[in-house]
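J.: Have a look at this one.
The values are calculated or read from the model by the stated rules, or taken from the named source; none is laboratory data. Nothing here was measured: the structure is a model prediction, and the numbers come from that model. Positions of Cβ are backbone-derived with ideal geometry, glycine not excepted, and every protein chain shown enters the neighbour counts. Accessible surface is based on the protein model in full, side chains and every heavy atom, while ligands, DNA and RNA are left aside. Shrake-Rupley method; radii C 1.70, N 1.55, O 1.52, S 1.80 Å.
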Amino acid sequence: MAALAGIGVFTAAAPASAQEIPLTGPLAGQNSVRKLRQYREGRFELALGPGFTLLDEYQRTIFVAGRLQYNLFDFLGVGVFGGFGAANLATDLTDKIDATAPRNSRTAINIPGRPGPAYADQTAKLKWMAAPQVTFSPFRGKLAVFQKLFVDTDLYVHGGVAIIGIQERADCTVCTTAASFSTKNDTRIAPTFGLGLSLYLTGFVSLNIEYRALPFKSNRGGFDSRGGGPDASFPDNKIDGEDQTFKFNQMVFVGAGFYLPTKPKISD
């Protein structure tokens with residue numbers, strides 16, 4: 001027993017160590033990756049395509065959008081994303097409110113009477129946006145299609161500040177006339193961020209699929225929903241900034257990207 005205890009103490013006291021194996025031969029001192037196509041570094045990128053808003057309550061917006069970017073390195077670029085709302089489409093909820101909501105003295109401030117403007121006219125609509133941003137591309141690899149076709153890809157994240165043009169119901173204190181359901185143009189400044197995937201079809205052309213978030217406040221339904229009572233959380237019989245509520249607005253952009261110079265750099 002004493003011998004076993006002595007062996008145990010000797011074993012526990014032995015320090016752990018690892019042997020460093022020097023690399024020799026033709027690979028000694030070489031880069032981990034050679035002849036890498038640097039699709040981004042030192043190139044301008046212009047991406048153009050449609051954008052679609054997601055999870056909309058009252059109005060969907062289809063954007064004609066684009067991104068202009070200069071890539072300082074293969075992993076870092078600066079640029080601007082922007083677009084304008086080519087079409088605003090009423091959701092099924094908007095159509096149902098217009099068709100079935102009762103018109104009486106209790107709803108007169110929120111729903112135009114008959115005859116009068118359609119309910120969709122008072123709902124908030126995105127009209128345009130411009131967003132200076134930074135793009136970081138930490139991951140790249142290849143995407144295999146049926147194990148036959150391999151496409152170079154990279155995953156990127158982006159973040160910046162968006163200036164957004166919005167149309168929403170105008171302020172009013174007497175809000176039951178047809179004229180009180182008119183709209184006004186306004187702007188919002190909001191953070192914007194998201195992620196995207198680039199598929200490099202050639203050295204000059206890529207396909208970009210991008211998700212973007214735009215959190216800000218607006219009066220999306222054109223309702224008198226806040227401004228009175230405790231914590232201003234009840235109607236106050238007028239339309240103003242108190243009726244704006246926060247929403248995590250979202251959109252998807254699908255674009256074709258074009259690069260200058262037309263040929264990517266090749267690493268050593």
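J.: Please report Rg (one decimal) and Dmax (integer) in Å for the Cα set of region 180-245.
T.: For region 180-245, the Cα-based Rg and Dmax read 19.6, 61 Å.
J.: Kirkwood Rh, Cα Rg: Rg to Rh for the chain? Let's see the in-between values first.
T.: Numbers: Rg = 28.7 Å, Rh = 22.8 Å.
So for the chain, dividing Rg by the Kirkwood Rh gives 1.26.
J.: What would the Debye equation give as log₁₀ I(q)/I(0) for region 135-268 at q = 0.14, 0.20, 0.22 Å⁻¹, counting only Cα atoms as equal point scatterers?
T.: -0.77, -1.16, -1.28
J.: Taking the simple approach of a point 7 Å from Cα along Cα-to-Cβ for both LEU68 and VAL134, what is their distance in nm?
T.: Going by the 7 Å Cα→Cβ label model, 2.2 nm.
J.: Run the simple label-point estimate for ASN104 and ASP236 please: 7 Å along Cα→C-beta, distance reported in nm.
T.: Placing both labels 7 Å beyond Cα along the Cβ direction yields 2.7 nm.
J.: Could you calculate the contour length gain from LEU149 to LYS247, that is, 0.36 nm times the residue separation minus the distance between their Cα atoms, to one decimal place in nm?
T.: Working: separation 98, 0.36 × 98 = 35.28 nm, distance 4.09 nm.
Net length gain for the segment: 31.2 nm.
J.: Full extension from SER267 to ASN185: what is 0.36 nm times the residue separation minus their Cα-Cα distance, to one decimal in nm?
T.: On the way: separation 82, 0.36 × 82 = 29.52 nm, distance 4.98 nm.
Answer, rounded to one decimal: 24.5 nm.
J.: Could I ask something else about it? Tell me, what is the per residue accessible area of the chain in Å², probe radius 1.4 Å? Before the final figure, lay out each step's value.
T.: On the way: 15260 Å² over 268 residues.
With the other protein chains kept in place, the chain gives 57 Å² per residue.
J.: A further question on this structure: Would you work out if region 126-211 is rounded, prolate or oblate? Take a ≥ b ≥ c from the square roots of the eigenvalues of the alpha-carbon gyration tensor; rounded if a/c is under 1.5, else prolate when a/b is larger than b/c, oblate otherwise.
T.: prolate
J.: Can you give the Kirkwood hydrodynamic radius of region 87-165 from its Cα pairs, in Å with one decimal?
T.: 17.5 Å
J.: What is the distance in Å between the Cα centres of region 182-244 and region 67-87?
T.: So the separation of the two Cα centres works out to 20 Å.
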